[in-house]
Structures are given as structure tokens and as C-alpha cells.
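Enquirer: Take a look at this one; I'll ask things after.
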Amino acid sequence: MTQNPLSPSFAEPLAEPLAEPLAPDAQEACAIRVRDVVVGFGERTVLKGITLDVRRGEVLGFVGGSGTGKSVLTRAILGLVPKRGGSIEVFGRDLESLDAAGRAAMERRFGVLFQHGALFSGLTVLQNVQLPMREHADLSQALMNELAMLKLDLVGLPRDAADEFPSELSGGMIKRAALARALALDPDILFLDEPTSGLDPIGAAEFDQLIATLQKTLGLTVFMVTHDLDCLSSICDRIAALADGRVAAVGPLETLLASDHAWVKAYFHGARAGRLLARGDG
Ligand SMILES: Nc1ncnc2c1ncn2[C@@H]1O[C@H](COP(=O)(O)OP(=O)(O)O)[C@@H](O)[C@H]1O
Ligand SMILES: [Mg+2]
């Protein structure tokens, strides 16, 4: 995005089109470093050169129109989708450079709540939460039971939900159980792909607050795809907007509100964004 120096808006703060470069000594403050990442399927290029930093200990909200590639980027960072170009480092390591053991060790540091990451319907809540433990750790059943109960406490689920099947739970409880599963291995980074979709506004706000509390108490780095403007304004430290396969704007909410990019403008200044606008302008 280029700015016309003669345009009246030149004096306004520039919306930062790319990830802010970090000073060399601040590199380790970066949890995820995405550079010029290109991902496509067949003829179609979905991500055309994504550059983005996720800083250690921040909640980064990732927005973009439906079908623009938010889940694809999430999966690319997790190493689940091959990229055609660019590089991705997590805690300074390129997943592609790691051997199987190194990769498994890295995956243990990821907690993931996929977009349609429902629980396994044939397993109880407790069994669902224990799945990552079975896959990645060698623990006794007694210890796994104890740990899984602690995870239920952490996400605010009653312990008697442990033996229930997903069909017996409300939508909000299912999300919490899925979050407990994502936290099963005490991850450093939590990936959340539209975690509150399908929840009513009150349930969504409660879930957002839970994420915020967990992020602070557990010192998590959170990469969160969300459409929820309330969530973006209340719990995200920074927001990155995806448009046309690139990061169109990134920064705190104020930066996004000041962006000249057409999609970002439409999204953050649209009908649903009345309250944000009032905040940003006031
Ligand atoms: N495995 C795949 N094979 C082919 N196309 C895919 C695949 N995964 C995603 N896509 C396409 O990539 C685009 C972006 O998808 P996605 O990242 O899921 O969008 P969203 O931003 O809504 O999360 C869509 O057009 C989708 O159909
Ligand atoms: Mg998606």
C-alpha cells in the first residue's frame, strides 16, 4: 500500500502494512515469524506473501473475509499445509528443518483449537482431554485422570462433566472441553480458529474472558482467528488483517482503525463497528 504525499490524509498516522521489524536483540521476543509465505492449491494461490510476527506473550487476532486463507495460514504455521514459498519459524526454529523428534517436541508446545475442532463424539470429555497426553506423553492412567481434571477446572467446567459425552453438553461447554484438550500438554502457543463461532454473544464474551485470563495466568502466546469485533477490541493486543492474500494492516486496534486499506476500512468502520469507531475516534 502506498500513500500519496499530497493526499490530505498524509498527516494521519500511517497504517503499518507489514509486520513491524524487530530489532536484532528483540528477535527472541518473537514466537512466530512468518516471512513471504505463499500457499496455493492447484491453480489458486491463497496466500500470496504473508509476513507477520507473533510476539511472545501477546494475543494476536487474525481477521479477514471468509475463504481468504485464515485457516490455511494457521495450518501452514502448524506444518499441516505445504507452502510454495517463504519461511515460518516458531521459537526461532523452522519446522521443516527439524527431524521427527524435534518436530514432535515442537508440536507439544502447540495447543490447537481447530475451526471445526469438535470433540470426538464417541469419547467422554475426560477421554477427549486425554487424547494429546496419550499421543505425546507416557503417563499412567491415574496421572492422566488427575491432569485432565485440573484442565477441566482451568476452563471452568464442572468435574462431573468429565464422564459426559459431547452430545450431552451445551455449545459453550463443548468449546471449553475443546480448550481443555488444547491445553492438555501445557502449550506455549495456543492456536484458536474462530473459537467463539456458534456461541451466543454472552457465551462468546465469557469464552473471550476465559482466554484472556488463561493467557495471563499461563503466560501463553495466542494466535486467534476471529470475526468477533468485541473480542478483537477487548482481548487482542494486536490485530492482523488478511486481504488479497497478504497482511493488509497489523498493529493495535487504533492502527487498524486508521488504515486506508479498503477491506480493513469496510470491516472496522462498517455497520457492526459503531462502538469501535466511537472508541477509536474518542
Ligand atoms: N486442502 C485444501 N485444498 C484445496 N483448497 C483449499 C484447501 N484448504 C483450503 N482451501 C481453499 O483455500 C481458501 C481459503 O480457505 P480457508 O483458509 O479455510 O479460509 P478462511 O479464511 O475462511 O479460514 C478457500 O478457497 C478454500 O477453499
Ligand atoms: Mg477458517
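Enquirer: Determine whether region 97-111 contains at least one residue that is modelled with pLDDT of 95 or more and within 16 Å of ligand 1 (Cβ to nearest atom).
Expert: No, because not a single residue in region 97-111 is modelled with pLDDT of 95 or more and within 16 Å of ligand 1 (Cβ to nearest atom).
Enquirer: Scan LEU253, LEU220, LEU232 and give me the residue that is touching a residue at least 60 places away in the same chain (Cβ under 8 Å) and farther than 11 Å from PHE62 by Cα.
Expert: Numbers: LEU253 fails: touching a residue at least 60 places away in the same chain (Cβ under 8 Å); LEU232 fails: farther than 11 Å from PHE62 by Cα.
Matching residue, one of LEU253, LEU220, LEU232: LEU220.
Enquirer: Which ones in region 131-175 are in a loop (DSSP other than H, G, I, E, B) and either at positive phi or in contact with a Leu (Cβ under 8 Å, 6 or more places away or on another chain) (or both)?
Expert: From region 131-175, those in a loop (DSSP other than H, G, I, E, B) are 137-140, 155-158, 162-165, 169-170; that's our starting set.
Selection gives ALA137, LEU139, VAL155, GLY156, PRO158, ALA162, ASP163, PHE165.
Enquirer: Quick one: GLY245 ticks every box in (1) of a type in the set (Gly, Ala, Ser); (2) closer than 25 Å to GLY57 by Cβ; (3) crowded, with 18+ Cβ neighbours inside 10 Å except a single one, so which number is it?
Expert: Tallying (1) of a type in the set (Gly, Ala, Ser); (2) closer than 25 Å to GLY57 by Cβ; (3) crowded, with 18+ Cβ neighbours inside 10 Å, GLY245 fails exactly one: (2).
Enquirer: Taking the condition of a type in the set (Val, Ile, Thr), modelled with pLDDT of 90 or more, under 20 Å from ARG55 (Cα atoms) and more than 12 Å from the chain's Cα centre (by Cα), does THR213 pass? Explain how you work it out, then say what you get.
Expert: Numbers: of a type in the set (Val, Ile, Thr): yes; modelled with pLDDT of 90 or more: yes; under 20 Å from ARG55 (Cα atoms): yes; more than 12 Å from the chain's Cα centre (by Cα): yes.
So THR213 passes the test.
Enquirer: Spot the failing condition for VAL129; the list is (1) within 14 Å of ligand 1 (Cβ to nearest atom); (2) of a type in the set (Val, Ile, Thr); (3) within 22 Å of GLN215 (Cα to Cα); (4) in contact with a helix residue (DSSP H, G or I) (Cβ under 9 Å, 6 or more places away or on another chain), and only one is missed.
Expert: (1)
Enquirer: Here is a further query. Residue check, ALA76 against (1) more than 9 Å from ligand 1 (Cβ to nearest atom); (2) free of Cβ contacts under 8 Å to residues at least 12 places away in the same chain, all met but one. Which one?
Expert: (2)
Enquirer: While we're looking at this one, here's another question. Among the numbered criteria (1) at pLDDT 95 or above; (2) over 22 Å from GLY69 (Cα atoms); (3) not polar (S, T, N, Q), which one does GLY171 miss?
Expert: Result: GLY171 fails condition (1) only.
Enquirer: Next up: So, restricting to strands (runs of 3 or more DSSP E) that lie completely within region 41-130, which ones have at least 3 residues that are within 16 Å of ligand 2 (Cβ to nearest atom) and more than 14 Å from the chain's Cα centre (by Cα)?
Expert: Working: elements: 44-55, 59-64, 85-90, 110-113.
Fully inside region 41-130 and qualifying: 44-55.
Enquirer: Consider LYS83 carefully, then state whether it is free of Cβ contacts under 8 Å to residues at least 60 places away in the same chain, within 16 Å of ligand 1 (Cβ to nearest atom) and surrounded by 16 or more Cβ atoms within 10 Å (Cβ to Cβ). Please lay out each step first, then the result.
Expert: Working: free of Cβ contacts under 8 Å to residues at least 60 places away in the same chain: yes; within 16 Å of ligand 1 (Cβ to nearest atom): yes; surrounded by 16 or more Cβ atoms within 10 Å (Cβ to Cβ): yes.
The answer is yes for LYS83.
The values are calculated or read from the model by the stated rules, or taken from the named source; none is laboratory data. Bear in mind that the values here come from a model prediction, so they are computed numbers and not experimental data. Methodologically, a virtual Cβ is constructed for each residue, glycine included, from the backbone with ideal geometry; neighbour enumeration extends over all protein chains shown.
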